[in-house]
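Quick notes on the structure that follows.
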């Protein structure tokens, strides 16, 4: 059963990205450029790190993630929003600091926390954008990642601290976006009536 959960949790993000791209072109969803830039940068750094460590398995998921984040990042240049406001600049600075501390850290757990801080710096502009313009963000894309994170947790034969922290972070970050989008859409619809 764990292998099935692992396969599904690997396929779901691909489905989520395809859905997100469809929504960008069909429903005027507008990805935040800095979110996409940070996600692509972190995916590139992760792929390079796994290559240097001669990874035989995790690197493939990392390469897929790199392709996905870069594709949406390129689309966001033309169809996205943000990138020069104060929140975007702060997010990039936090990402740079997080990446530097991740790289300098000699402790895997501390390094993971710095990496996740850098990643959350990427989520933050989308949270702000979703609060102000909830109809410009897809809740489906982020909800699919929640399911993938849960299935990934179930796929682990034994849960280690780093795995638990990473999966819990993914659940938390994705859930924040979904909740904000849905609550703000409901609020906007309620005001419109």
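The values are calculated or read from the model by the stated rules, or taken from the named source; none is laboratory data. Source: prediction; values computed, not measured. Cβ atoms come from the backbone with ideal geometry, glycine included; neighbour counts cover every protein chain shown.
Listing for the model above:
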{"quantity": "Residue 98 being at pLDDT 90 or above, surrounded by 14 or more Cβ atoms within 10 Å (Cβ to Cβ) and closer than 20 Å to residue 171 by Cβ", "calculated": "yes"}
{"quantity": "Residue in the range 53-62 that is touching a residue at least 40 places away in the same chain (Cβ under 8 Å), within 26 Å of residue 185 (Cβ to Cβ) and in a helix (DSSP H, G or I) present", "calculated": "no"}
{"quantity": "Scope the range 103-119; condition crowded, with 20+ Cβ neighbours inside 10 Å and either outside any helix (DSSP H, G or I) or touching a strand residue (DSSP E or B) at 6+ places or on another chain (Cβ under 6 Å) (or both); matching residues", "calculated": "none"}
{"quantity": "Contacts under 7 angstrom Cβ, first residue in the range 178-191 being in contact (Cβ under 8 Å) with a residue 40 or more places away in the chain, partner not in a helix (DSSP H, G or I), 6 or more apart", "calculated": "181/137"}
{"quantity": "Filter result (touching a helix residue (DSSP H, G or I) at 6+ places or on another chain (Cβ under 9 Å) and either under 24 Å from residue 20 (Cβ atoms) or not in a helix (DSSP H, G or I) (or both)) within the range 155-171", "calculated": "155, 156, 157, 159, 166, 167, 168, 169, 170, 171"}
{"quantity": "Selection within the range 84-102 - part of a helix (DSSP H, G or I) and over 14 Å from residue 41 (Cα atoms)", "calculated": "86, 87, 88, 89, 90, 101"}
{"quantity": "Among the candidates 73, 83, residue that is in contact (Cβ under 8 Å) with a residue 24 or more places away in the chain and on the phi > 0 side of the Ramachandran plot", "calculated": "83"}
{"quantity": "Residue in the range 131-144 that is touching a strand residue (DSSP E or B) at 6+ places or on another chain (Cβ under 6 Å), surrounded by 14 or more Cβ atoms within 10 Å (Cβ to Cβ) and either under 23 Å from residue 23 (Cβ atoms) or free of Cβ contacts under 8 Å to residues at least 24 places away in the same chain (or both) present", "calculated": "no"}
